[in-house]
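Right, one structure below, let's go through it.
The values are calculated or read from the model by the stated rules, or taken from the named source; none is laboratory data. No experiment lies behind these values; they were computed from the predicted model shown. Positions of Cβ are backbone-derived with ideal geometry, glycine not excepted, and every protein chain shown enters the neighbour counts.
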Amino acid sequence: MHRLSEFIVGLLFGLGLLLSGMTDPGKVQSFLDLAGAWDPSLAFVMGGGILVGVVAFGLAKKRTTNFLGGALHLPTATHIDKRLVLGGLLFGAGWGLAGFCPGPALVSMAAGQDKALVFVLAMLLGMGLYEWAEQNMHAKQIL
Amino acid sequence: MQIDWNHFTPWMSLTGGILLGVASAMFILVNGRILGISGILGGLLAPKVRDASWRIAFLLGIFASPLAARLLFPSDWISVPRIDAGWGTLIAAGLMVGLGTRYGSGCTSGHGVCGLSRLSPRSLVATLSFMAAGFVIVFVIRHVI
């Protein structure tokens, strides 16, 4: 039951990304291109997502368990620090450069696009580097 | 500012966005999880992988979506990808996205959709950061270089 539900959520999310236009890097870059011919479509993607999300998370905050009776893992972190901002800036720069963010890159890779495959492999390497750095830097208390 | 009316797809984008919202809603309410792609993926790369099975089930759903879209939707509903970036740029961008999303604890889905829906100030700051960097970089590559 759990695994089926997670699979369906992944499927719906992928379909949403495909319909929204997020899997088209050119469209993403046109949204980020305020000085050129601006395509505001992606604002509607975020708007649509938040419209539903606000209701769902409002409901989730009032509950202690999920519908299947398990734990509700709502984030507890509230601090705003250098990591959050620097990480966001680095992510945004990469997003603008290629026009891919993680979800659409995975969907496009599954659709058989070689450029998305290369992007995803580099992204996984970046995530792996983060894990490696966390392990080593923390041990040496540099970060 | 001039609007690119030829590529503007408000209804399809809104519909897609609502679907992203529905998926995020199901994930928190039914499974009790935040739908954040970078976190779900990154959790599989941690030295001690925790609860791999739900992450993999979710990812299999993502991977099945292009085939499902081909079966369910007319082909003109999905915009044909235009990828301007060359191979070197894609590799650099992928590294930046991988590192940045993990360091900043989230991407467009976890911070942008779920975080803003939770009215989290932390996610708002993250979202403003990545959007600002995206605007600046696209300005540079399309209008400066």
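A:F44: within 22 Å of A:G96 (Cβ to Cβ), among the aromatic types (F, W, Y) and more than 7 Å from every other protein chain (Cβ to nearest Cβ), yes or no?
Here the answer is no, as A:F44 does not meet what is asked.
Here is a list of conditions, (1) over 30 Å from B:N6 (Cα atoms); (2) crowded, with 23+ Cβ neighbours inside 10 Å, and A:G49 meets all of them except one; can you say which number that is?
A:G49 satisfies all of (1) over 30 Å from B:N6 (Cα atoms); (2) crowded, with 23+ Cβ neighbours inside 10 Å except (1).
Among the residues of the stretch B:1-26, which ones are assigned to a helix (DSSP H, G or I), of a type in the set (S, T, N, Q) and touching a Phe, Trp or Tyr at 6+ places or on another chain (Cβ under 7 Å)?
The answer is B:S13, and nothing else.
Restricting attention to the stretch A:95-143, which residues are crowded, with 23+ Cβ neighbours inside 10 Å and modelled with pLDDT under 95?
Within the stretch A:95-143, no residue meets the criteria.
For the stretch B:53-70, name all the residues that are in contact (Cβ under 8 Å) with a residue 12 or more places away in the chain and either more than 7 Å from chain A (Cβ to nearest Cβ) or of a type in the set (G, A, S) (or both).
B:R55, B:I56
Scan the stretch B:71-89 for residues that are at the interface with chain A (Cβ under 7 Å from one of its Cβ atoms), without any contact (Cβ under 8 Å) to a residue 12 or more places away in the chain, loosely packed, with under 15 Cβ neighbours inside 10 Å and in a helix (DSSP H, G or I) and jot them down.
Of everything in the stretch B:71-89, just one residue is at the interface with chain A (Cβ under 7 Å from one of its Cβ atoms), without any contact (Cβ under 8 Å) to a residue 12 or more places away in the chain, loosely packed, with under 15 Cβ neighbours inside 10 Å and in a helix (DSSP H, G or I), namely B:W87.
Output the residues belonging to the stretch B:100-140 that are facing another protein chain (nearest Cβ under 7 Å) and under 13 Å from the mean Cα position of the chain (by Cα).
Within the stretch B:100-140, B:T101, B:C107, B:T108, B:S109, B:G112, B:V113, B:C114, B:F130, B:M131 qualify.
Considering only residues that are in contact with a helix residue (DSSP H, G or I) (Cβ under 6 Å, 6 or more places away or on another chain) and closer than 30 Å to A:H2 by Cα, which ones fall in the stretch B:69-98?
Passing the criteria: B:A69, B:I78, B:V97, B:G98.
Sort out which residues of the stretch B:1-16 are buried (at least 24 other Cβ atoms within 10 Å of the Cβ) and either polar (S, T, N, Q) or in contact (Cβ under 8 Å) with a residue 12 or more places away in the chain (or both), and write them in order of number.
B:S13
Scanning for something crowded, with 23+ Cβ neighbours inside 10 Å, modelled with pLDDT of 95 or more, over 14 Å from the mean Cα position of the chain (by Cα) and not aromatic (F, W, Y), does the stretch B:22-30 turn up at least one residue?
Taking every residue of the stretch B:22-30 in turn, at least one turns out to be crowded, with 23+ Cβ neighbours inside 10 Å, modelled with pLDDT of 95 or more, over 14 Å from the mean Cα position of the chain (by Cα) and not aromatic (F, W, Y).
Does the stretch A:101-112 contain any residue that is assigned to a loop (DSSP other than H, G, I, E, B) and more than 7 Å from chain B (Cβ to nearest Cβ)?
yes
Say we look at the stretch B:27-52 and pick out the residues that are closer than 20 Å to B:L119 by Cβ and not in a loop (DSSP other than H, G, I, E, B); which of these is farthest from the other protein chains (Cβ to nearest Cβ)?
B:G39
Which residue out of B:A92, B:A68, B:A64, B:A133 is buried (at least 21 other Cβ atoms within 10 Å of the Cβ) and either among the basic types (K, R) or at pLDDT 95 or above (or both)?
Just one listed residue meets the conditions, B:A133.
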